[in-house]
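Notes for the one structure printed next.
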Amino acid sequence: MDNPWIMVAVIFFINIIYVTCLTMRTILTLKGYRYLAAGVSVIEVLVYVVGLGLVMKNLDNIWNVLAYAFGFGVGIIVGMKLEEKIALGYIVVNVTTAEYELDIPHTLRDLGYGVTHYVAHGRDGHRMIMQILTPRKYEIKLTETIRQLDPKAFIIAYEPKNIHGGFWVKGVRSKKLRAYDTDEI
């Protein structure tokens with residue numbers, strides 16, 4: 001290439017693609033999507049070899065090396081944002097509330113969520129604990145709904161490593177979960 005700035009831009013964007021693939025492959029591997037992770041790794045290595053080759057041929061220009069480094073950093077951010085958008089897997093949301101009279105479990109079930117609830121004893125008396133399994137893509141919608149129903153609710157969300165049994169996991173793939181609408185009251 002005659003223009004060295006075009007080479008800098010090409011190296012930068014190639015490394016963004018490479019590291020985005022690397023990030024996605026790592027996340028897919030950790031979540032157990034081994035065949036998809038293997039497919040992404042093929043693209044990752046092809047892009048890596050091309051990008052590294054361009055940098056190695058042009059080590060005399062510090063801008064190429066900096067483009068490679070900054071492309072790496074931006075690629076991590078892009079990969080993480082992409083995974084957030086895809087939101088693979090499930091989360092478990094544990095909710096602790098003192099609001100028995102609102103019947104929050106019933107409302108959440110009407111919206112399509114699977115809820116297991118029980119009574120617990122806290123420092124200030126009886127509490128209702130709810131355990132809710134939902135696809136990660138509905139996590140924000142669910143927590144917003146819970147906050148609307150009980151602004152004082154204590155909410156903890158985490159990703160389960162394994163899920164076995166239960167009726168809800170099979171059915172969730174075929175239905176959409178709804179958001180809480182205050183007009184439904």
If you go through the stretch 1-52 one residue at a time, how many are within 19 Å of the chain's Cα centre (by Cα), open to solvent by less than 30 Å² (accessible area, probe 1.4 Å) and hydroxyl-bearing (Ser, Thr, Tyr)?
2
Specify the residue that is nearest to the chain's Cα centre (by Cα); the eligible residues are those in the stretch 136-166 that are closer than 16 Å to residue 84 by Cα and open to solvent by 80 Å² or more (accessible area, probe 1.4 Å).
137
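Taking the residues in the stretch 110-135 that are within 23 Å of the chain's Cα centre (by Cα) and not in a strand (DSSP E or B) as candidates, determine which candidate is surrounded by the most Cβ atoms within 10 Å (Cβ to Cβ).
Step one: filter the stretch 110-135 for residues within 23 Å of the chain's Cα centre (by Cα), giving 111-115, 130-135.
From what is left, the residues that are not in a strand (DSSP E or B) are 111-113.
On the way: 111: 18, 112: 15, 113: 23.
That would be 113.
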Would you check which residues across the stretch 55-101 are more than 19 Å from residue 22 (Cβ to Cβ) and among the hydrophobic types (A, V, I, L, M, F, W, C) and list them?
59, 62, 63, 66, 87, 91, 92, 93, 95, 98
Which ones in the stretch 81-101 are without any contact (Cβ under 8 Å) to a residue 60 or more places away in the chain and surrounded by 14 or more Cβ atoms within 10 Å (Cβ to Cβ)?
87, 96, 97, 98, 99
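The values are calculated or read from the model by the stated rules, or taken from the named source; none is laboratory data. All values reported here derive from a predicted model rather than from experimental measurement. Ideal geometry is used to build each Cβ from the backbone, glycine not excepted, and the neighbour counts take in all protein chains shown. Accessible surface is based on the protein model in full, side chains and every heavy atom, while ligands, DNA and RNA are left aside. Shrake-Rupley method; radii C 1.70, N 1.55, O 1.52, S 1.80 Å.
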